[in-house]
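The values are calculated or read from the model by the stated rules, or taken from the named source; none is laboratory data. In this text, all values refer to a predicted model and were calculated from it rather than measured experimentally. Positions of Cβ are backbone-derived with ideal geometry, glycine not excepted, and every protein chain shown enters the neighbour counts. To get the accessible areas, we keep the full protein, side chains included, count just its heavy atoms, and leave off ligands, DNA and RNA. Shrake-Rupley method; radii C 1.70, N 1.55, O 1.52, S 1.80 Å.
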Amino acid sequence: MGTILFILLFILFIINVPVAIALGMSAAIIFIIQDSVPLVAIMQRMFNSVDSFPLLAIPFFILAGKLMESGGISKRLIHLANVIFGRIRGGLAIVSVVACAFFAALSGSAAATTAAVGSILIPAMVKKGYDKNFSTAIQAAGGTVGVVIPPSVPLVLFGVAAGVSISDLFIAGIIPGVFIVCSLTVLVYIISVIKGYGGGEPYNFSEFLKAFKDAFLALMMPVIILGGIYGGIFTPTEAAVVAVVYGLIVGVFIYREIKLKQLYEIFSASVLMTSVIMFIIVGASIFGYYLTREKIPAQITEFMLGITDNWIVALLIINVLLLIIGIFLETAAAIIILTPILAPVALALGIDMVHFGIIMIVNLAIGFITPPVGINLFVASNIAGTKFENIVRAIIPFIIVMILCVLIISFVPQISLFLL
């Protein structure tokens with residue numbers, strides 16, 4: 001029946017049934033055929049899957065990201081990055097990646113990071129003479145760090161699914177996130193040198209101080225949020241609420257770039273995005289319930305260990321699987337489905353679960369820039385006004401660099417665990 005379940009799920013995906021419905025429907029049909037679980041128990045399972053205090057962090061971090069995007073924080077961070085890096089060869093392109101890192105520390109979302117930074121920098125890069133497809137690809141790739149650098153919605157999902165400390169996952173995501181940013185920056189610099197993209201006018205120290213002062217409140221947000229979590233002042237869920245309050249005060253009363261009439265749109269967009277994620281969690285919970293009930297994760301663990309007991313080979317297989325799944329499946333669904341399956345394998349191989357969480361999220365982050373799903377590619381191409389297929393070739397070098405980053409992060413655990 002397990003094989004039938006996956007075949008049924010694949011068929012539903014092929015005919016474009018929404019991910020959440022496909023996950024829930026496929027498992028529910030198997031339960032009905034077997035007549036082994038009452039439908040009321042399935043309904044209870046669906047409710048219990050979202051009846052979780054840690055999951056409250058998701059809507060609040062999404063709302064905080066929307067407030068940051070609309071409150072003038074993103075453009076101040078971009079200006080500061082431009083002051084620091086703009087004079088370097090390919091400086092504006094480097095600014096794009098660095099600005100994504102800044103915004104990632106506020107939003108927790110890859111798509112939000114791409115949209116917030118890309119709406120400003122893609123037109124600016126094209127105006128400066130950068131190739132439009134290259135500019136769009138940079139922004140799509142830079143946005144992927146939004147799910148690696150804390151706070152991160154996918155890290156929250158993995159923490160809930162695997163029963164791992166979300167605070168530890170947030171700490172573990174810092175160095176890998178910075179590592180990816182540095183790797184993308186080096187790639188951007190090399191391409192800029194080859195193509196002859198120049199730097200901007202140099203800024204003096206007084207301009208840096210002015211830009212830093214203007215962006216100070218924006219820079220303080222990750223300090224307050226992450227410092228509060230790591231200092232034991234509040235939990236990640238409480239931190240998400242603090243982020244919303246902070247973003248609201250700064251955007252409405254200090255920067256005064258959010259008008260009261262905009263709040264309805266901001267809250268509506270946040271509710272819509274939250275409902276999509278929660279709906280996926282509900283559908284995936286039924287799917288995961290069937291897998292657990294039939295002991296499929298244990299069977300997969302036994303099968304994997306039957307192939308090899310070498311953790312290096314097994315981890316390579318897991319990485320390939322995650323990369324393939326990330327190409328076709330939405331990140332939230334992939335985390336909810338794969339965590340119960342792969343976590344026992346990782347434990348059996350002696351892989352630290354916090355480290356494994358980072359491996360999984362970085363792998364799935366690549367799915368944001370790989371067709372056909374490639375959410376960041378769609379967001380960036382819409383901003384640039386270019387066709388999706390035009391940026392596929394330009395994104396290839398970035399995908400290669402991120403795969404190399406995944407391999408290094410996978411086989412050098414200290415990168416993720418050093419701060420713990």
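Below, the figures for the structure above:
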read-out: Surface share of carbon and sulfur [accessible, 1.4 angstrom probe, percent] for the chain; value: 69 percent
read-out: Å² per residue, accessible surface of the chain at 1.4 Å; value: 42 Å²
read-out: GluC sites (Glu not before Pro) restricted to region 247-299 and DSSP loop, no more than 16 other C-beta within 10 Å; value: 257, 294
read-out: Where N is the number of residues in region 280-402, Cα Rg divided by 2.2 N^0.38 Å; value: 1.19
read-out: Cα-centred dipole magnitude for the chain, charges only on beta-carbon of K, R (+1) and D, E (-1), debye, nearest 20; value: 1220 debye
read-out: Selected from 358, 409, 11 as most flexible by GNM, with the chain as the system and alpha-carbon contacts under 10 Å; value: 11
read-out: Karplus (6.51, -1.76, 1.60) ³J(HN,Hα), θ = phi - 60°, over region 383-399, in Hz, Gly and Pro reported as x; value: 5, 6, x, 10, 6, 4, 5, 5, 9, 4, 5, 5, 7, 4, x, 5, 5
